[in-house]
Amino acid sequence: MIAAQDRKIALWNIGVAYTAFLIGTLCGLLQVFIRNDALQLPSWLDYYQILTAHGVLLALIFTTFFIFGFFITGMSKSLGAFGPKVRLFSWIGFWVTLLGTVMATVMIVSGEASVLYTFYAPLKGSGWFYVGLALVIVGTWISSFALVGHYIVWRKTHKGELSPLFAFMTITTIILWIIACLGVVATVLFQYIPWAFGWTDTINVELSRSLFWYFGHPLVYFWLLPAYMAWYVIVPKLLGVKVFSDSLARLSFVLFILFSIPVGFHHQLTEPGISNFWKFLQVVLTFMVIIPSLMTAFSMFATFEISGRKKGGTGLFGWFKKLPWKDVRFTSIFIAMAFFIPGGAGGIINASFQLNEVVHNTLWIVGHFHITVGTPVAMTFMGMTFWLIPYLTGRKFTKSMQILGFVQIITWSIGMLLMSTAQHVLGLLGAPRRTAYSGYNGHESALEWFDGILTNHVTMAVGGSILFLSAMILIYIVVMTMFLSPKAVKPEEIVEFPMAESDKESTPKWLENWWIWIGIAVFLIVAAYAIPLSHMIHHAPPGSEGFKTW
């Protein structure tokens, strides 16, 4: 077990994460019924309040707090207990992030910031909402630097050694996060806050969106890389084998630093102020990110086959039957991986200019987001929760909870399949995103959205309802393993952190030379962004005043 003080920090992070998860999933349930015209909200609450709360609390807050809880646990286990300074700054980072979360949430609930989690200008929320967002980022940086400090101390006492794979992947993700946050920090501090408080009259809309998406796309990989860490490090341990290739795993993570940041313009393909050359360049870099994802897929299926054959699997696919399907920790992550296959294919469509023209700003994008983040990432986090919280609390994960865990992941899979598929099809039929219910005066195109099985907002609502049921089962498991389940006493009852061994002997040491990768990343970012951003600044059209449309 890791040090008690480190466990406490991790548990507080996970506790806040699941509090945000509970509120965010409730907001999601309300949305699908409103879009189906089956629910009317009270006068003090509107659709865009709950849509903003859903996006902020699930996409930003749940993921961030859970990821840092995971990082703190794994870094303490792999590198040893935190020192006093690391603990102090981890707590400071946690409280600053929590303060920012509370500020932003209060502004959303009070109706002062219904600007969605992308907070596009010229929609204008309360200045305190943007201050809250800034504090969230500052808090995560403090927590990140605490973990980096712990890593540096380990490196000084283990000169010439490669760090454990978990620590390497954690530092990679933190580097990506800090570089990516520079864009959103710049736009919030120098554009949104002065504008929202009335210190400036207008805002450069195009620049603000470009700086947001400089951050917005690598944000997806900040969510995804901890899931990949579980796939690379946790899954082999559950299968009883070593990490397939230490060097392949490290190289794949390094490539995410290089290619996940200078790609934001592929979210802005329909915006006229960016020349086609820069859009083309960033689309090319977007497709480069496919390479480490394919490397990960290869590594995972190699691990599956090695494990299955080690357990007696024969023939072409005999190994598949030998995988531990009765272990909810493994099955949940395997299903998450399977969902990522259609999700990744949808990402290729979104990044292709001609195809993006068809699906842009439709429910297709919402379906894509849920099938890439709401399942591969979220379900991996769920699978991790089944052992992470019992490991930190020392409580049992009983057989009844194992059964409930299977019910939870099955219902989540069914609900997401129904909801996301309906959203994809509705998007192809032109149903818009970011809108409450509208019949468009009975227009024949809109009528298509309420006919059939998959082309129906009812199907989406049924899927959302099943997802909410699944979320409540998960919350029950979280509460039980945190507070109510009996303490583990016998050795077989103790839940461990399943961290696989990784052979580092043949791994090149230059893979852990961070200055090389940071330098290349900076070069690619400058090449992709310097000229178009300077053009937006020096040749900016008249800025926009703020609008409050809710």
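Read-outs throughout are calculated quantities, based only on the coordinates presented, and are distinct from any laboratory measurement. This one's a predicted model, so the numbers in the text were calculated from it and none came from an experiment. Quick reminder, even Gly has a Cβ in these numbers, built from the backbone with ideal geometry, and neighbours come from all protein chains shown.
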**Asked** Roughly what would the spin-label model give for Leu428 and Glu493, points 7 Å off Cα along C-beta, in nm?
**Response** 5.3
**Request:** Taking each pair of different alpha-carbon atoms in region 90-153 once, compute 1/r for the pair, average those values, and report the inverse of that mean as the Kirkwood hydrodynamic radius in Å to one decimal.
**Result:** 12.4
**Complete:** Where a ≥ b ≥ c are root eigenvalues of the Cα gyration tensor, a/c under 1.5 meaning rounded, otherwise prolate if a/b exceeds b/c and oblate otherwise, region 397-503 counts as prolate
**Prompt:** Using the per-residue mean of other Cβ atoms lying within 10 Å as a proxy for protection, in what order, highest first, do the peptides 319-327, 88-96 fall?
**Reply:** 88-96, 319-327
**Message:** For the ranges 280-291, 239-250, 7-18, what's the packing order if you count other beta-carbon atoms within 10 Å of each residue, average per peptide, and put the highest first?
**Reply:** 7-18, 239-250, 280-291
**Request:** Could you pull out every one of the aspartates and glutamates with an alpha carbon less than 14 Å from that of Lys159, ignoring same-chain neighbours closer than 8 positions?
**Result:** Glu512
**Complete:** Expressed in nanometres to one decimal, the distance between label points 7 Å along Cα→Cβ at Leu251 and Thr314 is 3.5
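Quick one: in the chain, what % of C-alpha pairs are over 44 Å apart?
Value for the chain: 13 percent of Cα pairs lie more than 44 Å apart.
Just how large is the dipole of region 4-538 about the Cα centre, in debye to the nearest 20, putting +1 at every Lys and Arg Cβ and -1 at every Asp and Glu Cβ? Display every interim value, and only then the final one.
Values: 31 positive and 22 negative charges, 373 e Å.
It works out to roughly 1800 debye.
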